[in-house]
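Notes follow once the structure below has been shown.
The values are calculated or read from the model by the stated rules, or taken from the named source; none is laboratory data. All values reported here derive from a predicted model rather than from experimental measurement. For neighbour counting, all protein chains shown are included, and Cβ atoms are generated from backbone atoms with ideal geometry for every residue, glycine included. Ligands, DNA and RNA are excluded from the accessible area calculation, which covers all protein heavy atoms including side chains. Shrake-Rupley method; radii C 1.70, N 1.55, O 1.52, S 1.80 Å.
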Amino acid sequence: MALTITPIPAFNDNYIWALHNAEGQVYVVDPGDANPVKAWLAQSRLTLAGILITHHHKDHTGGLDDLLALVPVPVYGPAGGHIRQLDHLLQEGDRITVLGHAFDVMETPGHTLDHIVYFHPGQDDGADHPPLLFCGDTLFAGGCGRIFEGDPPMMYNSLQRLAALPGTTRVFCAHEYTLANLAFATAADPDNDALAQRQVSERSKRDRQRPTLPSTMSLELRTNPFLRCHSPSLQATVQQRVSQKLDTGLELFTALRRLKDQS
Ligand SMILES: [Zn+2]
């Protein structure tokens, strides 16, 4: 039985992803604010059963105390020493079970040093049961997280690992940054037809107040410049913009991330 996954909007542009099963049990990912989660639980008559955390930033953890006061549930997150409410400390290679579904933990440092992601490999059971990735602030639709604590090689490596996951993987990011990311992406990769098409379709979702997420890994591989640092046309455009020769994927990634930070 597949999980149902619902976005609970929080703050200006966060999504707290809720994973629920047919028995009405819920796990939430990165509850930065307890109030929208509580309201959603009450309205949908579901019971909180656990919490997953990707990294220590306040907009991903700020709701923990209030939710745990309401109902004490297990809290899984990175063993980085920053998050005192965790009772399951996770690291690379760990496997946890969420509502009967196995999730693998991958360390993806860069945005923060403690950043982890949760990957469910999916099942070939004939039902709609694709791989799932909860990637916090590492990978965004059409973009990637800012590098606050790590360095470009670290972030580049983390993103390369995510890019190697199956193309059918549903990608659940923690922010609705898609349109701004795609505007930047189009300037950097103007000849990419898949990107131009995506911009139209995502804009129409936002016009109807719908989330652009989840994405899929195959769509990211075709349209997200931070996963396309092997592309000669992207390389040519970015080299011209920074007036510098960028010989490796890492050099291109580093220049691209710097341009995005300045945009
Ligand atoms: Zn963050």
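Side notes on the structure shown:
- Where M106 falls short, out of the listed (1) at pLDDT below 95; (2) touching a strand residue (DSSP E or B) at 6+ places or on another chain (Cβ under 6 Å); (3) under 27 Å from Q160 (Cβ atoms): (1)
- Any hit, region 168-176, residues being small (G, A, S), within 16 Å of the ligand (Cβ to nearest atom) and open to solvent by less than 30 Å² (accessible area, probe 1.4 Å): yes
- Number of positions in region 5-39 that are under 23 Å from F140 (Cβ atoms) and either more than 16 Å from the chain's Cα centre (by Cα) or in a strand (DSSP E or B) (or both): 20
- The single condition from (1) buried (at least 20 other Cβ atoms within 10 Å of the Cβ); (2) outside any loop (DSSP other than H, G, I, E, B) that A49 fails is (1).
- Top-ranked residue of region 142-167 - restricted to ones that are part of a loop (DSSP other than H, G, I, E, B) and open to solvent by less than 10 Å² (accessible area, probe 1.4 Å), ranked as farthest from D261 (Cα to Cα): G142
- Listed conditions (1) more than 16 Å from the ligand (Cβ to nearest atom); (2) open to solvent by 70 Å² or more (accessible area, probe 1.4 Å); (3) at positive phi are all met by F11, apart from (1).
- The residue of region 177-195 that is farthest from the ligand (Cβ to nearest atom), among those that are in a loop (DSSP other than H, G, I, E, B) and of a type in the set (D, E), is D191.
- All positions within region 68-84 that are of a type outside the set (V, I, T), under 28 Å from A22 (Cβ atoms) and in contact (Cβ under 8 Å) with a residue 24 or more places away in the chain: L70, P74, Y76, G77
- Some residue of region 89-102 being away from the ligand (no atom under 16 Å from the Cβ), open to solvent by less than 10 Å² (accessible area, probe 1.4 Å), within 16 Å of Y15 (Cα to Cα) and within 21 Å of the chain's Cα centre (by Cα): no
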